[in-house]
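The values are calculated or read from the model by the stated rules, or taken from the named source; none is laboratory data. Being a predicted model, the structure only gives us computed values, none of them experimental. Here the Cβ positions follow ideal geometry from the backbone for every residue, glycine too, while neighbour counts run over all protein chains shown.
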Amino acid sequence: MSYAITTKKCWLNKNEIVKIFFLNDVPFTFDDLPVGYFYDKQVVEEADNNQNYSGEDIYKGSSYLIMEQCHPCFDIIEIMNPENLPEEIQSFYNGEEDLLR
């Protein structure tokens, strides 16, 4: 089975905007945005239009994916669009890095 990665800019804990990564609509991790993102009207509008998430929401999504053995940071799964993954693990999915090293 092949999985899709999507990202959205969302409010985290109702006090900061982050880029959340989803595997088939299940949130599993997030990245902080660069300093000054509050001044970018498009970023704030996107976050306002998306669901608010808590750290617990992301923890639960991540835990579920780990339990199902399909967490892209920990399990080898087929990703349709690895370019949307967090930068730290893109090189593995692009074949540039070997997990056994």
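At-a-glance table
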item	result
MET67 being in contact (Cβ under 8 Å) with a residue 24 or more places away in the chain and loosely packed, with under 11 Cβ neighbours inside 10 Å	no
Those residues of segment 2-11 which are within 17 Å of LEU85 (Cα to Cα), surrounded by fewer than 19 Cβ atoms within 10 Å (Cβ to Cβ) and not β-branched (Val, Ile, Thr), in sequence order	SER2, TYR3, ALA4, LYS8
Among residues of segment 24-46, those that are within 21 Å of GLU87 (Cα to Cα) and outside any loop (DSSP other than H, G, I, E, B), counted	9
When residues of segment 74-101 are limited to those that are more than 17 Å from ILE20 (Cβ to Cβ) and of a type in the set (A, V, I, L, M, F, W, C), the one modelled with the lowest pLDDT	LEU100
Test result for ILE58, surrounded by 12 or more Cβ atoms within 10 Å (Cβ to Cβ), closer than 16 Å to GLU16 by Cβ and out of contact with any helix residue (DSSP H, G or I) (no Cβ under 8 Å at 6 or more places or on another chain)	yes
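Conditions tested, residue by residue: (1) at pLDDT 95 or above; (2) acidic (Asp, Glu); (3) surrounded by fewer than 16 Cβ atoms within 10 Å (Cβ to Cβ); (4) touching a Leu at 6+ places or on another chain (Cβ under 7 Å).
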residue: ASN13; (1), (2), (3), (4): yes, no, yes, no
residue: PHE22; (1), (2), (3), (4): yes, no, no, no
residue: PRO34; (1), (2), (3), (4): no, no, yes, no
residue: VAL44; (1), (2), (3), (4): yes, no, yes, no
residue: ALA47; (1), (2), (3), (4): yes, no, no, no
residue: GLN51; (1), (2), (3), (4): yes, no, yes, no
residue: SER62; (1), (2), (3), (4): yes, no, no, no
